[in-house]
Amino acid sequence: MIPFVVTVFSCVGLVNAVSPWRDAVNENDNPKGLEDNTVMDDIEKANEVGQVEKSKENVFEGDIELTKSDEDVVDMNNTSSADTADVDVDSIVTKRKAIFSKHNLWLTKEVPLELETTATEAWANIIAAVDEIQKKSCIRFRMKEDGDDNWIYIAKRIGCYSEVGRQYTKKGPQVLSIGDGCNKKGIILHELLHALGFWHEQSRSDRDKYIEVLWNNIQEGQEHNFNRYRKKDVDYAGSVYDLGSIMHYGNLAFSKNSRPTMLSVKNPFSQFGQIKAMSDNDVIQLNALYDCKSEKSAGWSKWGSWSPCDMQCSKKRERFCSAKDIKKCAGADNDRVQVQGTKCPNDECYVPVNGNWGRWGPWTACTVSCGQGYQTRSRKCDDPTPLYGGKYCNGMLVAARNCMLKKSCGWRKRNKLAIMTDKHKKMSSL
């Protein structure tokens with residue numbers, strides 16, 4: 001029998017699919033016994049027991065309740081759309097660790113809360129999570145009052161989840177669920193950060209520089225939880241990628257075999273995520289996102305960073321009014337935000353963009369129905385596609401692997417033919 005092989009074709013010939021740490025660690029191993037003891041691991045366990053994804057179809061990445069506008073742009077696909085090398089692979093789609101639009105922030109830096117009676121047992125941990133945010137940022141929580149247009153409604157539902165950012169397009173409460181298994185300070189802190197505008201760290205557009213996703217170890221149907229957000233939809237508030245963020249999945253998130261689904265590119269023994277508190281970088285990003293260095297009474301926040309240039313060679317930035325009296329902020333829209341746009345300079349608009357690989361398509365069917373054959377899968381250099389003289393992707397374009405179906409099929413065919421021949425002879429002799 002031909003030994004099992006994996007062949008990889010690239011735009012520059014045949015290459016081996018070897019990661020920087022492959023000599024030290026195999027993806028089928030669990031380096032130094034990496035543990036599933038992060039906040040996201042606890043959330044995954046609680047939500048699996050509560051079957052939250054079955055009860056709420058719009059739950060994304062384990063604990064994010066998507067709004068209609070979110071559903072239009074996030075990538076819910078579990079594989080790319082490529083079946084073979086001849087089929088285009090859809091680029092990895094959209095979204096934002098902190099949201100780019102200032103509209104979704106709690107602009108006065110005050111966040112009203114309402115507690116459902118069923119969630120009172122979690123009060124001590126709610127207070128602990130709220131205290132940590134208030135001690136380390138300018139965000140202030142208070143109980144809901146008459147006249148509030150938006151507030152967080154903490155309730156005991158099935159599982160742990162929250163919407164992302166203030167849902168300013170609709171008046172009323174937005175539910176933050178603390179269901180069975182969710183009554184822990186770290187989980188509540190994680191969900192409150194979602195409500196303040198944070199998405200998950202491992203889905204950042206730049207994550208492939210820092211982590212490798214081991215797709216073969218992910219539960220079938222859960223691959224979409226590892227898709228990346230596009231840079232144009234994200235404001236990282238100048239923060240570096242943070243393996244230790246409380247918003248980061250653990251190394252074994254959604255694992256089907258107790259093996260890692262993610263490892264650090266530089267050090268495969270690095271443990272991801274947090275269990276109880278915000279990381280230093282989480283604190284830095286929260287303070288930057290809400291412009292905590294500016295005086296609240298001053299009115300306008302500082303201008304946010306410029307967005308990337310769009311296809312029309314334009315970019316924009318935003319600032320928000322944190323003063324209670326919106327009259328202090330001339331030029332603010334009804335949602336207390338001002339948007340400034342400008343044309344990008346040519347050297348910024350037409351700067352070379354290096355290509356990056358899209359996600360692998362599914363494996364094709366085995367080339368034979370019996371015996372030794374092979375399967376292929378492909379991907380395209382379109383996430384993004386190289387622009388303005390940028391470099392084409394280096395590495396794998398098509399991968400192939402052996403497949404074996406019905407090892408003894410040849411014997412069975414001969415045996416079946418012999419039996420049929422014997423029956424025919426017996427019938428002829430009658």
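Here are the numbers:
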{"quantity": "Cβ-based exposure ranking for THR38, THR169, in which fewest neighbours within 10 Å come first", "calculated": "THR169, THR38"}
{"quantity": "Ordering of 283-294, 363-374 by burial proxy (mean other Cβ atoms within 10 Å per residue, highest first)", "calculated": "283-294, 363-374"}
{"quantity": "Too-long pairs where the Cα-Cα distance tops 21 Å, listed order kept, from LYS68/LYS316; LYS102/LYS327; LYS185/LYS293", "calculated": "LYS68/LYS316; LYS185/LYS293"}
{"quantity": "Net lengthening on full extension, PHE269/ALA330 (0.36 nm per residue, minus Cα-Cα)", "calculated": "16.7 nm"}
{"quantity": "FRET efficiency for TRP306 and VAL353, using Cβ-Cβ distance with R0 set to 22 Å, rounded to 0.05", "calculated": "0.85"}
{"quantity": "Residues ASP70, ASP347, sorted so that the one with the fewest Cβ neighbours within 10 Å comes first", "calculated": "ASP347, ASP70"}
{"quantity": "Nearest-0.05 FRET efficiency for TRP215 and ASN58, computed from C-beta distance (R0 25 Å)", "calculated": "0.55"}
{"quantity": "Relative exposure of LYS391, LYS144, LYS327, judged by other C-beta atoms within 10 Å (fewest first)", "calculated": "LYS327, LYS391, LYS144"}
{"quantity": "Of LYS184/LYS324; LYS144/LYS170; LYS276/LYS380; LYS56/LYS302, pairs whose Cα-Cα distance is over 28 Å", "calculated": "LYS184/LYS324; LYS276/LYS380; LYS56/LYS302"}
{"quantity": "Charge dipole of segment 235-303 about the Cα centre (unit charges at C-beta), most positive-ward option of TYR290, TRP300, PRO260", "calculated": "PRO260"}
{"quantity": "Pairwise label distance in nanometres, ARG401 with ALA365, each label 7 Å out on the Cα-Cβ vector", "calculated": "1.9 nm"}
{"quantity": "Shape category assigned to segment 304-396 from the gyration tensor of Cα positions, a/c cut at 1.5", "calculated": "oblate"}
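We did not get these values from a lab; they are worked out from the coordinates using the rules stated. Values in this document were obtained by computation on a predicted structure and should not be read as measured data. A quick note on method: Cβ atoms are made from the backbone with ideal geometry, for glycine too, and the neighbour counts reach across all protein chains shown.
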